[in-house]
Structure formats: structure tokens, C-alpha cells
Amino acid sequence: EFQWPADRLVFVEKYPPYQAALARVGNDGWAERFEVYWQGLELANAFHELNDPVLQRARAHDDLKKKQAMGKSLVDLDEEFFRALEYGLPPSAGIAVGLERLYMALFRLKEIRQVSK
């Protein structure tokens, strides 16, 4: 069983493309995405945006085919999103940091519901 280091952050990177639908894929074939953990608690995740509308649409269709094959309910594609990509999105990236997760880490809380108390 994996033991999270108590004294440092853990960065998980290089995701398979199917686990990073909105992330750009690098020349090595891995999605340019990472997550940051502290003692097993996810604090943040980040990725380079996939800004190619053709690739993004192809990924969305592949995802729908997989869902259909598994008998899952399908969702409508967000055509406004694809139009925005076709208009142009410069290279960009972002990171989402959970403030409640940072609070949990700071005060060593084990459950997120303890944050509101």
C-alpha cells in the first residue's frame, strides 16, 4: 500500500489523454496535466488547455462513443464552446486550488465537512 510522505507535497503528472479531456497532449503522448497532493489530500490540479477545436471535438465524440458502448447516458455537446474554440483561444493553462482543501491541510482536518464547523 502506498504511504503518502508526511513532510512534502506529491505531484502526479503525465495523465493518459482519456483522463484529461480538456488538456493538451504533448509530443510524448501524455496529457499535460498535474495534480498536487499533501498527505493524500488533493490540493490542486492544473493543465494546459487544449485549444485546437478539431482535436477537442474529436475527443468529445470519442468520449460519447465510449459512454454509449457502456450504456451510460449521453450529454449534448456544447456547441457554443466549440464555436469559441474556432474563434480562437491563445495558448493557456490554469490551476484550480481548493481553498477548503488548504484549510483542511492547515488545520489537519480529515473530512471536508469539518471545514464548515
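The values are calculated or read from the model by the stated rules, or taken from the named source; none is laboratory data. Here the structure is a predicted model, which is why all the values come from computation and not from measurement. Using ideal geometry, Cβ is built from the backbone for each residue, glycine included, and neighbour counts are taken over all protein chains shown. Side chains included, ligands, DNA and RNA excluded: accessible areas come from the protein's heavy atoms. Shrake-Rupley method; radii C 1.70, N 1.55, O 1.52, S 1.80 Å.
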Worksheet item: Based on the Cα coordinates of the chain, what is the per residue volume of their convex hull in Å³?
Response: 176 Å³
Response to the item:
Label model pair residue 18, residue 93: point-to-point distance (7 angstrom along the Cα→beta-carbon line) in nm is 2.6 nm
Worksheet, complete the sentence: To the nearest Å², the heavy-atom accessible area per residue of the chain with 1.4 Å probe amounts to 75 Å²
Worksheet entry | Sites excluded, chymotrypsin sites (Phe, Trp or Tyr not before Pro) in DSSP loops with at most 11 other C-beta within 10 Å, longest stretch of the chain | 3-106
Worksheet, complete the sentence: Here FRET efficiency (C-beta to C-beta, residue 67 to residue 115, R₀ 22 Å, nearest 0.05) is 0.10
Fill in: Paramagnetic label zone (point 7 Å from Cα along Cα-to-C-beta, residue 51; backbone N under 19 Å) in the range 4-23
21-23
Worksheet item: Using the Karplus equation 6.51 cos²θ - 1.76 cosθ + 1.60 (θ = phi - 60°), what ³J(HN,Hα) coupling, rounded to whole Hz, does each residue of the range 91-98 give in order, writing x for Gly and Pro?
Response: x, 8, 8, x, 9, 9, 10, x
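Ignoring any ligand, DNA or RNA, what whole percent of the accessible area of the range 45-117 comes from carbon and sulfur when the probe is 1.4 angstrom?
Here carbon and sulfur together make up 57 percent of the probe-accessible area.
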Worksheet item: trypsin sites (Lys or Arg not before Pro), restricted to the range 1-48: which are DSSP loop and have at most 15 other Cβ atoms within 10 Å?
Response: 8
Worksheet item: Per-residue accessible area for residue 115 at 1.4 Å probe radius, Å² rounded to 10?
Response: 40 Å²
Discussion item. Can you compute the helix-only [θ] at 222 nm over the chain? Use -39500 (n - 2.57) per DSSP H run of at least 4 residues, normalise by all residues, nearest 500 deg cm²/dmol.
Written reply: -9000 deg cm²/dmol
